[in-house]
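Next up is a structure, given as structure tokens.
The values are calculated or read from the model by the stated rules, or taken from the named source; none is laboratory data. On a predicted model such as this, the values are computed, not experimentally measured, just so you know. In this analysis, Cβ positions are derived from the backbone assuming ideal geometry, glycine residues included, and neighbour counts consider all displayed protein chains. Surface accessibility is based on the protein's heavy atoms, side chains included, excluding ligands, DNA and RNA. Shrake-Rupley method; radii C 1.70, N 1.55, O 1.52, S 1.80 Å.
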Amino acid sequence: MDVMPVVDLGRQPAKATDGESFPVRATVFREGHDSLAAEVVLTGPDGVRRAPVRMVKLADPPDRYEAWVTPDQEGAWTFEVHAWADPWDTWDHAAGIKVPAGLDVELMFAEARLLVERQVADLPTTATPAERALLDGALEAATDTSRPDEARLAQLQADDLWSVLRAHPLRELVTVEGPFRAYADRSRALFGSWYEFFPRSEGARVDEATGKVVTGTFRTAAERLPAVAAMGFDILYLPPIHPIGEVNRKGPNNTLTPGPDDPGSPWAIGSKDGGHDAVHPDLGTIEDFDAFVARAKELDIEVALDLALQAAPDHPWVTEHPEFFTTRADGTIAYAENPPKKYQDIYPVNFDNDPAGICREVLRVVKHWMSHGVRVFRVDNPHTKPLAFWEWLLKEIRRTDPDVLFLSEAFTRPAMMHGLGSVGFHQSYTYFTWRTAKWEIESYLTEVATESDHMMRPNFFVNTPDILHSYLQYGGPPAFKVRAVIAALGSPSWGVYAGYELYEHVAVRPGSEEYLDTEKFQVRVRDWDGAAAEGRTLAPYLTRLNQVRRDHPALQQLRNVVIHSSDDEQVLVFSKQARLDDGTTDTVIAVVNLDPHATRETTIHLDLPALGLDWHDGLTVRDEITGEEFHWGQHNYVRLDPHHEPAHVLTLRSNP
């Protein structure tokens, strides 16, 4: 009963990734007192059943069993839970009590003989000579009455014999639950470092003669790509690159009084120059875009394009498909609102009026950009569109192009965020930006790794053009390091919006999360080279974090977070661990001072058994930021100065 992971009563597949293990859990019980066992059987997209994985009984709650299984290729998988009565374990329990007490001794050994005979008869042809020899010895122990009872029992309970019995279990009264569905996506759906920039700002400059800002283009933005690659980012997300509406265009800082040279918001999509399938003429041509994507690919960067299903008042859809929108009682088309915010430059799409027509058009637009090399889409405000639409669209794309990924930008109610993940979004923005207290971060890391992992993959963005948290506004450079290290180590996917490395932190007004002179409404001219020359950049730190992520498989997984404790409510400790193919384990421990203003000295306490160690074991850890080494145990003193290094990023690798 209660098999997990199951999404939407099995109507949707659980989230999985090629090469990433995920847990299958079930409540397994039977009548009476005899022992039972269970295993999980995976079946791949090729229709081939993989070797079963034995389930382990959890300490709590009662009768709950678990096994970790690993898809080894992309595509649609199923899994079943097989449970059975375990006659060997039942015998072992009874014999372990009766034989030492001298009760029913020969009866116990007679039952063992019958079990061994059944075991030999059931052995597969692939059984080794060593396995057969162990069973021969067990038969001798069960039947040789000349030997001491204790010696006979010891041989029948020996670990090497039981390894054979568990490898080839005798099954009685087998029941099967399933199949249940899972879908394994390509690894980039789980692990990646995202960087966001506005191409119109990259290469932008101020004309010395006129004092006006000259916008960047795809060609100038391409010159920024090597720097993005050098920092270790593998996905570059571009806000909308389409023509921007001229009707109701917004001015700087979301004002309603734009000047003739104000560029407007890229999310106000569409003008006389085209709609969602066109590029803004200031950025260049579609050939320039193709060259940009090709250059990114040369640098091992995937380009993610914004999919914002909305229109400016002068978008071609408004005249060609007025049924796509909501007409109000006064005959005007309703613009977008999120009180107190108003978006007079944007018309939201109404899926109730012409759902079939909208579906056809959106599919056409998505496939248009796919044909130009885009395999990743960041979807703007998906929670304002019907889940049924997204379920249809994502299935249509997966049916022909399963490598195409979609990131959900939905900061909304948990049910909707989980729903979007369930119907097919590969990744989701999260509440991470607003989780700044120690208990909040601990709780959220646990939630995304163990509670919602089967339906929603997190992407921890440290900032966005819309979100400049007060922690960054008032925490100074240390705050930027703190948030980066938690995001980069806490989630296999994380993201940075350009300007973060320059410590941009000024809000438009107190209490707001909007940047002053936000890039959403104007071109931002940045002096990347000058900042680097003067040491006013976090780029080297971001580079190091991304390198650590690439070097350590433990950081490329989601479901392996362990929270440890500290005596200071401003010091966060968590770890991630992965078992490698060579039998070793890769472990990363993060110790973070959450107070960006003050040095913290405290004792931290590691859960060593959770790291595969004994409580008394010692370990040598290396700080991947400073290169220092420490000899630690269960309890460890730390001192973290935020103005020097606010965090330890510690690694260790065990022996097999």
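Just how far, in whole angstrom, is region 274-291 from region 41-74 if you go by their alpha carbon centroids?
About 48 Å separates the Cα centre of region 41-74 from the one of region 274-291.
Looking only at region 13-36, which residues have a backbone nitrogen under 14 Å from a spot 7 Å from the Cα of residue 187 in the C-beta direction?
17-21
Once you wrap a convex hull around the alpha carbon atoms of region 206-316, what is its projected area averaged over all directions, in nm²?
8.0 nm²
For residue 384 and residue 396, compute 0.36 nm times the residue count separating them, minus their Cα-Cα distance, and round to one decimal in nm. Please list the in-between numbers first.
On the way: separation 12, 0.36 × 12 = 4.32 nm, distance 2.02 nm.
Using 0.36 nm per residue and subtracting the Cα-Cα distance, I get 2.3 nm.
Would you work out the charge dipole size for region 469-611 about its Cα centre, treating the Cβ of every Lys and Arg as +1 and the Cβ of every Asp and Glu as -1, and quote it to the nearest 20 debye?
280 debye
Please state the relative contact order of the chain as a whole percent: Cα pairs under 8 Å, 6+ residues apart? Don't skip to the end; give the middle numbers.
Working: 1308 pairs, mean separation 68.1, N = 656.
Averaging sequence separation for qualifying contacts and normalising by length gives 10 percent for the chain.
Between residue 50 and residue 205, what is 0.36 nm times their sequence separation minus the Cα-Cα distance? Round to one decimal in nm.
Numbers: separation 155, 0.36 × 155 = 55.80 nm, distance 5.83 nm.
In short, 50.0 nm is gained.
Round to a whole number: what % of the accessible area of the chain belongs to carbon and sulfur, probe 1.4 Å?
52 percent
Determine the order of 519, 246 by accessible area, beginning with the largest, at a probe radius of 1.4 Å.
Working: 519 0, 246 100 Å².
These residues rank, largest area first, as 246, 519.
Treating the beta-carbon of each Lys and Arg as +1 and of each Asp and Glu as -1, no other charges, what is the dipole magnitude of region 223-317 about its Cα centre, to the nearest 20 debye?
Details: 6 positive and 16 negative charges, 63 e Å.
Dipole size: approximately 300 debye.
Any idea what the dipole of the chain comes to, in debye rounded to 20, about its Cα centre with Lys/Arg Cβ at +1 and Asp/Glu Cβ at -1?
Dipole magnitude for the chain comes out near 1120 debye.
Oh, and also: For residue 626 and residue 333 in one chain, what is 0.36 nm times their gap in residues minus the Cα-Cα distance, to one decimal in nm?
Details: separation 293, 0.36 × 293 = 105.48 nm, distance 5.79 nm.
Here the answer is 99.7 nm.
Continuing with the same structure: Net charge near residue 405, counting Lys/Arg +1 and Asp/Glu -1 over other residues with Cβ under 9 Å of its Cβ? Before the final figure, lay out each step's value.
Details: positive: 186, 188, 375; negative: 185, 302, 403.
Residues near residue 405 contribute 0 overall.
Can you find, among 12, 48, 631, the residue farthest towards the positive end of the dipole of the chain? Put +1 on the C-beta of Lys and Arg, -1 on that of Asp and Glu.
12
May I ask for the net charge around residue 176, where only other residues with Cβ less than 13 Å from the Cβ of residue 176 are counted and Lys, Arg are +1 while Asp, Glu are -1? Can you show the working numbers first?
On the way: positive: 49, 171; negative: 39, 80, 177.
Taking every other residue near residue 176 into account, the sum is -1.
So, counting K/R as plus one and D/E as minus one, what does the shell of residues with Cβ under 13 Å around residue 131 add up to?
Local net charge: -1.
Nearest 5 is fine: what % of DSSP beta bridges in region 141-276 come out antiparallel, could you say? Walk me through the numbers on the way to the answer.
Numbers: 5 of 8 bridges.
Looking only at bridges with both residues in region 141-276, the antiparallel portion is about 60 percent.
On to the next question. Mind giving me the FRET efficiency for residue 527 and residue 4? R0 is 41 Å, r the Cβ-Cβ distance, nearest 0.05 is fine.
Values: r = 52 Å, r/R0 = 1.26.
Computed FRET efficiency for residue 527 and residue 4 comes out at 0.20.
Return, ordered by residue number, the residues of region 77-106 whose backbone nitrogen is under 13 Å from a label point located 7 Å along Cα→Cβ of residue 122.
83-91
Please work out whether region 141-292 counts as rounded, prolate or oblate from its C-alpha gyration tensor, where a ≥ b ≥ c are the square roots of the eigenvalues and a/c under 1.5 means rounded, while otherwise a/b larger than b/c means prolate and anything else oblate?
Details: a/c = 5.19, a/b = 3.61, b/c = 1.44.
Prolate shape, in that a/c is at least 1.5 and a/b is the bigger ratio.
Could I have the simple spin-label model distance between residue 323 and residue 43, label points 7 Å from Cα toward Cβ, reported in nm to one decimal?
Taking the two extended label points, one gets 4.3 nm.
At a Cα cut-off below 18 Å, give the lysines reachable from residue 367, other chains included and same-chain residues fewer than 8 away excluded.
395
Please report the spacing between the Cα centers of region 88-116 and region 511-528 in Å, no decimals.
77 Å
Under the definition of Cα pairs under 8 Å and six or more residues apart, what whole-number percent is the relative contact order of region 579-635? Kindly include the intermediate steps, with their values, before the conclusion.
Working: 44 pairs, mean separation 14.6, N = 57.
RCO, region 579-635: 26 percent.
Take the alpha carbon gyration tensor of region 518-629, find the square roots of its eigenvalues, order them as a ≥ b ≥ c, and report rounded if a/c is under 1.5; if not, report prolate when a/b exceeds b/c, else oblate. Mind showing how you got there, number by number?
Working: a/c = 2.32, a/b = 1.71, b/c = 1.36.
Judged from the Cα gyration tensor, region 518-629 comes out prolate (a/c at least 1.5, a/b above b/c).
Taking each pair of different alpha-carbon atoms in region 382-527 once, compute 1/r for the pair, average those values, and report the inverse of that mean as the Kirkwood hydrodynamic radius in Å to one decimal. All intermediate terms of the calculation are to be shown ahead of the outcome.
Details: mean 1/r = 0.0604 Å⁻¹.
Over region 382-527, the inverse of the mean reciprocal pair distance is 16.6 Å.
Let me know the shape class of region 1-146, please: from the alpha-carbon gyration tensor, a ≥ b ≥ c as square roots of the eigenvalues, rounded when a/c is under 1.5, otherwise prolate if a/b is greater than b/c, or oblate. Mind dumping the intermediate values first?
Working: a/c = 3.50, a/b = 1.82, b/c = 1.93.
In terms of gyration-tensor shape, oblate.
Hey, what number do you get for the chain at 222 nm if only DSSP H runs of n ≥ 4 count, each worth -39500 (n - 2.57), divided across all residues, to the nearest 500?
Values: 16 runs with 186 residues, N = 656.
It comes out at -8500 deg cm²/dmol, rounded to the nearest 500.
Can you give me the Cα centroid spacing of region 1-30 and region 184-220 in angstrom?
40 Å
Could you give me the radius of gyration and the Dmax of the chain, taking only the C-alpha atoms into account and expressing both in angstrom?
29.7, 108
Dipole of region 518-621 (Lys/Arg Cβ +1, Asp/Glu Cβ -1, origin at the Cα centre): which of 619, 541, 584 lies farthest to the positive side?
Result: 541, furthest along the dipole toward the positive end.
Normalised by the number of residues in region 1-96, what is the relative contact order in percent for Cα pairs under 8 Å and 6+ residues apart?
Working: 173 pairs, mean separation 30.9, N = 96.
Result for region 1-96 is 32 percent.
If you don't mind, another one. Between residue 371 and residue 11, what is the label-point separation in nm under the 7 Å Cα-to-beta-carbon projection?
Here the modelled spin labels are 3.4 nm apart.
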